[in-house]
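Shown next, in structure tokens, is the structure this report addresses.
The values are calculated or read from the model by the stated rules, or taken from the named source; none is laboratory data. Computed from a predicted model, the values in this text were never measured in an experiment. As a convention, Cβ positions derive from the backbone with ideal geometry for all residues, glycine included, and neighbour counts pool all protein chains shown.
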Amino acid sequence: MIAKMRKLHLAALSYDRDGILNALERTHAVEIKEHDGTEGTEGDSEDLRVYLERLENTLETLTLYAERRAKEEKSAPVKDGFEVGYSEFMAAKEKKAWADRLTELVSSSLEEISASSAEETRLRRAISSARPYSSLKKPFSAYRDTKNFAVRLGLVPSAAWDNAQGKFEELSLFACESVRLDDGVLLCAVCHKSVLNALEGFLSACGFSACPYTGEETGAEHLSKLEGELSAVRDRQNAAEKTLSELSAEIREFKIYCDYAGFELEKAEASEKMLSTAHTFLLEAFVPADEEREVKAVLDGWQTPLFYEFSDPQENEFVPTLARNNKVVKNFETITNMYSAPNAREFDPNTVMSFFYSVFLGFIMGDYGYGLLMMLGGGFLYFKNRAKEGGIKSLAGVFAIGGIFAVLWGILFNSFFGIQLLPFTVMPDLGVQMPGEAATEQHWCWTFIGIDIPAILIISMIIGIIQIFAGYLCKAWQHWRKGRIFDGICDGLTWAVFSAGALLAIVGLVEDFNVSILTTVGAIIAVSALAVAVLTAGRHEKFLGKFTKGFGSLYGIINYASDVLSYARLYGLMLSGAVIAQIISHYSIGFITGGNFALAILGILLMVVGHIFNLAMGLLSAYIHDARLQYVEFYGRFYEGEGELFSPLGSKKRHVRVTEPSFAPVSGEN
């Protein structure tokens, strides 16, 4: 159900604002509303938002190094969602200087690592270039031109040197010395300057690259210097890495401070929604009616002057939505909210939707082997993440509950990983014939108006009409809650009766049931309901609109039939998963019982991997297409949506869960 909201109006002194917001946050029951006339008000929130972003970037780095450290030490890293006492959380206010200093250390360490990495890359390239000259015994300056002779020192590719070596020897007034290296030839050529042009032509043709060094160092000394610089750079980089690793030990306290800074941002954003004078402020907020007493207890205990009152929201005022459901239905709220959160003035559809979603999910899987895995896997993930809200916890809950229905449907279909183990089968077969099996009697089809149709397809249509029937009842209830009794009868109850008649008629047309009388009864009910729907469709229109509206209602039968056919996807998804399961089990058992050890191992692997893959793909398809049936065929009958979820002050904590909730009076804290 959706909680009723009350509106809080509060006026107090400006210097009490921070303390009052701290006290209200403790109730987890107050969402600050934007006061009329405050749109566009500027405050400190933008600076705090930038500050928080910097903290989160720092935390991201610390988390990376904390995970590395935990892996090295074989310990558990500090994960989000750990519990923190309220007093410890609020004490984080005093740690701003520490957090800022830690942020600076992380930032400077990252800069050092980045600079060292770039310098290391440069030095590696320089070492690679200097290594070929490390065998030179004389300094580079010794290889310079004299008055009459030119000296050329450099590298030549090995293949080019082998091809051109004879041509060099043909030059006059020329001498050279070469040292073959792993990746080329180190060449020192000396010639009289009168033949320099000829020498340089030959060198150019050979791909000669001149030595870039000219100093007083030898090649070995230059290489040693570069390697020393590289070692120093690595030492600086390792020191920075070590600093980050040591700082990651502070991640728990830093996460607390990040969430506290986020809370300060929430308060700043809330303050921008208030009307303020030089000495006072006016606050408006929404409070769930069932928590009004706790909020009053906090405000009544405030020891400095303030005024407050509660009232009901105005008829046309937008109110946030807070769903109050049990632990089972709560898992399905995520599915509805992905489409659109219900608005606060409609009834909560999650209870009804969760039942149909689970039935359809179980029907699509249709195997009690898969159902057991869904229950065990979903239950494990649910309890592992029980401290969290939404996300993986809700998804796991949905699959675990769907697993219960998958077991029930699987028993009815007599399917255990695609194998028929039970001595009975309640539901018709899927009609799948494995290779090598003899043809069986056709008992997977039902005769519908003289046509053989897969029985499971007809069952899919029937449960689809049942959901559409429920959707129209929800529509009627939606109108009745708002006092529109006649609208609920005409637009909801009438079409629900039509759906019931259509359901009876379809059942009667299935010759295997041998209840043809239902066709007549269902047709009478459906036609009568349709006549009422056509005659009352234009009741709110004038003149010609009454006729056209009624005709449009009659034309809507086509859409109705289309919606019913949409439930054929239940059959299609179930059939694909069941066929794959049967094929996997058929061949796996064949391999295992074939008498060959290698094939037996292959059969076991095929059984395990194949069914895990089929389960994963089946769940993915079922999750998506089941949701589509809820959004379009079910919610399309009555759902209004367009709501915004209730977001109380202090609810945006990302890393910690604050315990020790207290509604005791809190006196003027700042």
Query - Residue in segment 112-123 that is more than 30 Å from residue 194 (Cβ to Cβ) and more than 42 Å from the chain's Cα centre (by Cα) present - result: yes
Query - Unmet requirement for residue 408, which otherwise passes all of (1) within 20 Å of residue 354 (Cβ to Cβ); (2) buried (at least 20 other Cβ atoms within 10 Å of the Cβ); (3) over 28 Å from the mean Cα position of the chain (by Cα) - result: (2)
Query - Any chance residue 267 is closer than 30 Å to residue 656 by Cα, surrounded by fewer than 19 Cβ atoms within 10 Å (Cβ to Cβ) and among the basic types (Lys, Arg) - result: no
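For the structure I just gave you, tell me whether residue 563 is touching a helix residue (DSSP H, G or I) at 6+ places or on another chain (Cβ under 6 Å), in a helix (DSSP H, G or I), within 20 Å of residue 459 (Cβ to Cβ) and acidic (Asp, Glu).
Yes; evaluated as a whole, the condition is true for this residue.
Among the residues in segment 47-69, are any small (Gly, Ala, Ser) and either surrounded by fewer than 19 Cβ atoms within 10 Å (Cβ to Cβ) or part of a strand (DSSP E or B) (or both)? Let's see the steps before the verdict.
First, pick out the residues of segment 47-69 that are small (Gly, Ala, Ser): 66.
Narrowing the set further to residues that are either surrounded by fewer than 19 Cβ atoms within 10 Å (Cβ to Cβ) or part of a strand (DSSP E or B) (or both) leaves none.
For segment 47-69, residues small (Gly, Ala, Ser) and either surrounded by fewer than 19 Cβ atoms within 10 Å (Cβ to Cβ) or part of a strand (DSSP E or B) (or both): absent.
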Report task. Can you tell me which residue within segment 222-238, out of those that are without any contact (Cβ under 8 Å) to a residue 60 or more places away in the chain and not basic (Lys, Arg), is farthest from residue 65 (Cα to Cα)? Result -> 224
**Report entry** Failed condition for residue 538, given (1) in a helix (DSSP H, G or I); (2) within 18 Å of residue 556 (Cβ to Cβ); (3) not polar (S, T, N, Q)
**Finding:** (1)
Query raised in the report: Restricting attention to segment 332-342, which residues are surrounded by fewer than 18 Cβ atoms within 10 Å (Cβ to Cβ) and over 24 Å from residue 469 (Cβ atoms)?
Result: 334, 338
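Residues being in contact with an Asp or Glu (Cβ under 6 Å, 6 or more places away or on another chain) and either aromatic (Phe, Trp, Tyr) or surrounded by 14 or more Cβ atoms within 10 Å (Cβ to Cβ) (or both): count how many of those fall in segment 78-90.
To start, the set of residues in segment 78-90 that are in contact with an Asp or Glu (Cβ under 6 Å, 6 or more places away or on another chain) comprises 85-86.
Checking which are either aromatic (Phe, Trp, Tyr) or surrounded by 14 or more Cβ atoms within 10 Å (Cβ to Cβ) (or both) leaves us with 86.
Selection size over segment 78-90: 1.
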Query raised in the report: So which helices (runs of 4 or more DSSP H) stay within segment 280-339 end to end and still have 3 or more residues that are within 30 Å of residue 356 (Cβ to Cβ) and either aliphatic (A, V, I, L, M) or in contact with a helix residue (DSSP H, G or I) (Cβ under 6 Å, 6 or more places away or on another chain) (or both)?
Result: 333-339
Report summary line: Of (1) under 30 Å from residue 658 (Cβ atoms); (2) at pLDDT 90 or above; (3) surrounded by fewer than 16 Cβ atoms within 10 Å (Cβ to Cβ); (4) not basic (Lys, Arg), residue 128 fails just (1)
